[in-house]
Every structure is written in C-alpha cells, then in structure tokens.
1. Please enumerate the residues belonging to segment A:88-105 that are surrounded by 12 or more Cβ atoms within 10 Å (Cβ to Cβ) and either more than 14 Å from A:PHE48 (Cβ to Cβ) or within 14 Å of chain B (Cβ to nearest Cβ) (or both).
2. Give the residue, chosen from B:LEU298, B:LEU316, that is in a helix (DSSP H, G or I), away from chain A (no Cβ under 14 Å), within 29 Å of B:ILE93 (Cα to Cα) and in contact with a Pro (Cβ under 9 Å, 6 or more places away or on another chain).
3. Can you tell me which residues in segment A:59-115 are in contact with a helix residue (DSSP H, G or I) (Cβ under 6 Å, 6 or more places away or on another chain) and among the acidic types (Asp, Glu)?
4. Filter segment B:151-201 down to the residues that are within 13 Å of chain A (Cβ to nearest Cβ) and surrounded by 22 or more Cβ atoms within 10 Å (Cβ to Cβ) and list them by number.
5. Pick out, from segment A:41-118, the strands (runs of 3 or more DSSP E) lying fully within it that include 1 or more residues that are of a type in the set (D, E, K, R) and within 25 Å of B:ALA81 (Cα to Cα).
6. For segment B:235-252, does any single residue satisfy the condition of being modelled with pLDDT of 95 or more, within 13 Å of chain A (Cβ to nearest Cβ) and surrounded by 24 or more Cβ atoms within 10 Å (Cβ to Cβ)?
7. Of the conditions (1) in contact with an Asp or Glu (Cβ under 7 Å, 6 or more places away or on another chain); (2) at negative phi; (3) in a loop (DSSP other than H, G, I, E, B); (4) not β-branched (Val, Ile, Thr), B:SER164 fails just one. Which one is it?
Amino acid sequence: MTRKGIWVSGMAMPLVIGILLLAVSSRITANAQPAAAPMEITIDNFSFGPQTASVPVGTTVTWINRDDIPHTSVSTESVFKSKVLDTDEKFSYTFTKAGTYPYYCTIHPKMTGKIVVQ
Amino acid sequence: MPDKKQDLIDQNLQDLNNDGVDRRGFLKCMAWAGTGLVWTMSGGVPVSRAFAKGYGKDAAKGGDFTFVQISDSHIGFNKPANPDVTATLQTAINKINAMPQKPDFIIHTGDLSQLSKPSEFDTLDQVLKGASAKQIHFVPGEHDMLSDNGEQFLQRYGKGTKGSGWYSFDQKGVHFVGLVNVANLKAGGMGSLGHEQLEWLEEDLKGRSASTPIVLFAHIPLWTIYPDWGWGTDDSEQALSYVKKFGSVTVLNGHIHQIMQKVEGKVSFHTAMSTAFPQPAPGTAPSAGPLKVPAEQLQQVLGITDVNYVVSGRSLAVVDSPLSS
C-alpha cells in the first residue's frame, strides 16, 4: 500500500463517523420539533416574574433566582419541588398535562405564582 | 457622643415616653436604632433613655441577671451587603465578652446559617465557642430549615425540644419560651406556629402565677409589622392570648434585621438587629432583600441586644447596641 492510500483511508473514517453523528442529531432535532419553546421565570425582589405564566403542554419552565437570598419554587399540590436555589441557580420542570399549577417559595411563602398549561 | 446630640436623643426619648406607643414614637425609636436604646419595662409602661447615658451605672448596681440576644448571623452569606458575616459575628461575640456584667446566657433568634449547610453551622459553632456565656439557647429561622425540614438544626441545637424545636426553661424566676414559627409555612401566609405548638404553649403557661415574668422568643416577629413582606405570624394572636394574665411579658424576635418595638398592654415586643446585614424599613424598598450600606456604616446597623432583669422592679431592661459602639 502506498503512503497516499493510508492517508485516504485515515481521513475517511472520521468523515463517516461525522456523517453518522449528523444524521443522529438531526433526528433528535426533528423529534423535539413539536415541543414548545422554553419559558423562563425570574425570581427577583422576592417575586416570581411573570407571576402567572400561560404555556402550551410540553413546555419546560425554568426558574432562575436573581436575588441575594435563597428561594424555592414548590408546587402547592406537590407536583414539582425545586431544591433551594441560591443566587443564579436554576430549576426546570416540564409540564406534560394541561392544568393550573399554583406554586410558592417555601422559605418566603408570601411569594406565590401560577403556571397555566394549555 | 457630643452633648448636643445626646440632648436631642433625650428629648426624643422623652417625647417617645409621653407618646406611649403611637406611630410617631415608634418611628422615632427606629430613627435612633443605630445609637442604642435602653428601656425598662415596668407594668407595661416603657421608660427609655439613651444607651450611652447611665446604663453602665445601673447595670453595675446589679440586676439579678443579664442575658444577650443575637440574631440572624446568616453564616455563609457572602454578597455585597456583607462579604464577611463571620467577622461581624465575631465582633458581636467580642462585644458580649466585654460587657461589664457577664450574661447568664445567650439567645440566638434564628437564621444561624444562610443555607443550612453543615459547614456553615460548623463555622457558627467555632465563633460561638469563644463566647464568655457558655449556655446558648436557639430557635431556628427559615434559613436553618432548608432542604431537610430542620432535622440538622434539631440534631445540633434542639436536643430535648418538642416538635420542630420549641421548649421552655426557667432562669431565676423568669420563664423563657422558645417558639418555632418557620416550619411548614403555607403558600401566601406569614410565619406560623401551628396547632400542636399552640396547644403545648397553652399547657406550658397554664399553671404559672401571673407574677412570673415571661419572655417569649421566636425568629419571625410575633406581631404583624408588614404583611406584604411576610413580617408577622399568622397565628400569633392566639399565642398572645395565653400570656394575657401575666404582669410582665417580653417578646423577642429577629428576622427583619432592624430594631422595632411596640408595647401593647403588659406585653412589650422587640426585634433585634442582625449580626450580618441590615434590611430596609418596611415598604421603603422594592423587597426585603439585604440592604447595602457604605462599608464604614455597616457596624452601625448590626448589633446585639442585652436584657437586664431586676428582681425588685419586676422589670426587664432591653438594650440594643450597634457593633460600632
């Protein structure tokens, strides 16, 4: 085998893997297409913003704490429960069923919010 | 302190005493929070004077005992409002150790830690070990109950207590009750004591004579200061109905990181400064978040509270002093 031949086969292998990876990732993207755009809720100044968020079924909601004080985001009906979120920490939950989901901060219970899933 | 300022404080305090407990007097108290106040509670009538004048002399005369309240040390907090809360707690302990009359014990009214982390409790323990008073009584704040419903707090600081950490004890004729109003908080509500604890409290106080001085302490104020920020306890009224027969009731709280006081009948309410960072006066900021003050002013808005009990007068003198004094 010539040196040229070795070079060609050496390059071909990563190329094949690359094409395969591309095919797999495009399939993943295709499957995720029907999912709704993600929703972000900012915790700031001891409040959830927006306080009421309406989202389609399948939406992933992410809470992010922008306060200097820890907060939580906990469903009043025990549907979801974040860990304690310190400054800049996040919690996500994907809503797969339609309904109204009230939640609050268990540390500062005056902080309440609602996710309406349609 | 310059005489002029001292006179002004005296004048204000005189007005305050004449006023009783109205809003005007209340606000004046707040305005002078940073300078420290002494007030003696006697039969429900508060008598105030400035901290700098005379307190040392009276203390030397010798009440039966003194104890100190510290609060809201938030060990683990490291944001701009105070990047070194361990150092300011240490300053508070140094201040306690320098008191002319050694306190019998210390009460910590909660929020020992910022995130209930074992390392934060460890640091707190290290600093408190240096206190001259070896006996320390704790109640949890909401920051001490994160993640584990307060299990760790109970193991470390609540041995032998009931429920989520309530208990009572007696010291030289004064009955002390530590209450927990930060457990199982309900959405939309404020602090809460809960049915089980209220029943226990009623039972605990039932057999005691009306002349027994009572001290209740808990983290969140047991009187409604500002509901929008949750600064109150939903079922505190029921708790206070159990102390109605007593001639001297003192209620000590933390949580709001500033001094506020109020007298209602024979009950005097008092909130302590934090050893970590100040919080805004009710409604003066978008939220109750930490208040950033210039570094050189920080020690004026942090502090300790010491309480002097004089047997003959059946009175408790509550003294707030900032770390800077």
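1. A:GLU89, A:PHE91, A:SER92, A:THR94, A:PHE95, A:GLY99, A:THR100, A:TYR101, A:PRO102, A:TYR103, A:TYR104, A:CYS105
2. On the way: B:LEU316 fails: in a helix (DSSP H, G or I).
Matching residue, one of B:LEU298, B:LEU316: B:LEU298.
3. Keep residues of segment A:59-115 that are in contact with a helix residue (DSSP H, G or I) (Cβ under 6 Å, 6 or more places away or on another chain), which gives A:107.
Listed by number, the list is empty, since nothing qualifies.
4. B:ASN181, B:VAL182, B:LEU185, B:MET190, B:GLY191
5. Values: elements: A:47-49, A:52-55, A:60-65, A:90-94, A:99-104, A:112-117.
Counting at least 1 such residues, we get A:90-94.
6. Within segment B:235-252, none of the residues are modelled with pLDDT of 95 or more, within 13 Å of chain A (Cβ to nearest Cβ) and surrounded by 24 or more Cβ atoms within 10 Å (Cβ to Cβ).
7. With respect to (1) in contact with an Asp or Glu (Cβ under 7 Å, 6 or more places away or on another chain); (2) at negative phi; (3) in a loop (DSSP other than H, G, I, E, B); (4) not β-branched (Val, Ile, Thr), B:SER164 is out only on (1).
This table checks each residue for (1) touching a strand residue (DSSP E or B) at 6+ places or on another chain (Cβ under 6 Å); (2) closer than 25 Å to B:GLY232 by Cα; (3) of a type outside the set (S, T, N, Q).
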{"position": "A:PHE48", "(1), (2), (3)": "yes, yes, yes"}
{"position": "A:THR59", "(1), (2), (3)": "yes, no, no"}
{"position": "A:ASN65", "(1), (2), (3)": "yes, yes, no"}
{"position": "A:THR72", "(1), (2), (3)": "no, yes, no"}
{"position": "A:ASP86", "(1), (2), (3)": "no, yes, yes"}
{"position": "A:GLU89", "(1), (2), (3)": "yes, no, yes"}
{"position": "A:PHE95", "(1), (2), (3)": "yes, no, yes"}
{"position": "A:PRO102", "(1), (2), (3)": "yes, yes, yes"}
{"position": "A:THR106", "(1), (2), (3)": "yes, yes, no"}
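The values are calculated or read from the model by the stated rules, or taken from the named source; none is laboratory data. Note that the structure is a prediction, hence the values are computed from the model and not measured. Note that each Cβ is placed from the backbone with ideal geometry, even for glycine, and that neighbours are counted across all protein chains shown.
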